[in-house]
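Data block below; observations after.
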Amino acid sequence: MLLATASVSACSFPIASLDQQVGEAEEIFIANLLEAKVIPVDEHHKWPWIEGRFQVKKILKGGVQPEEVILTTGLGRSDCGVGMMVSWNYVIFKGRGDTVIAGPSGTHVIEDFQMVEVADKIASIVRQRPHKSPLK
């Protein structure tokens, strides 16, 4: 009977190729997580969430980024959140102005030895994609 009234969420999404992830993201960059903290439930949030402060290391798409950005995510269980481990590097895929990151976007941890290869692959995809013309 308790299960009938419980609120349940699950994260499931189709696996997207790197080409699709690059195409859908307006901003892509490599960043190092400097700090992460759990934000408790409040009047605006039904579940706790994580807030991370990232140092931007390399911009791959989308133009200028501040030196540091604050991004949030779910706890990383069934909510599609990205696990946040302080001092780890991440490749961040997001929309312009978004402050929330999630697994379906392609955001994930990368090791130091992967940074050049990942950056080169993404840069190659960005160069191959036709640029959108501004509306006149």
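The values are calculated or read from the model by the stated rules, or taken from the named source; none is laboratory data. Quantities reported herein were computed from a predicted structural model and do not represent experimental measurements. All Cβ positions, glycine included, derive from the backbone under ideal geometry; neighbour counts span all protein chains shown.
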Filter segment 75-111 down to the residues that are farther than 16 Å from ALA36 by Cβ, among the hydroxyl-bearing types (Ser, Thr, Tyr) and either outside any loop (DSSP other than H, G, I, E, B) or under 8 Å from the mean Cα position of the chain (by Cα) (or both) and list them by number. SER105
Within segment 109-136, residues being at pLDDT 95 or above and basic (Lys, Arg) number 1
How about segment 55-87: which of its residues are acidic (Asp, Glu) and within 23 Å of ALA123 (Cα to Cα)? GLU67, GLU68
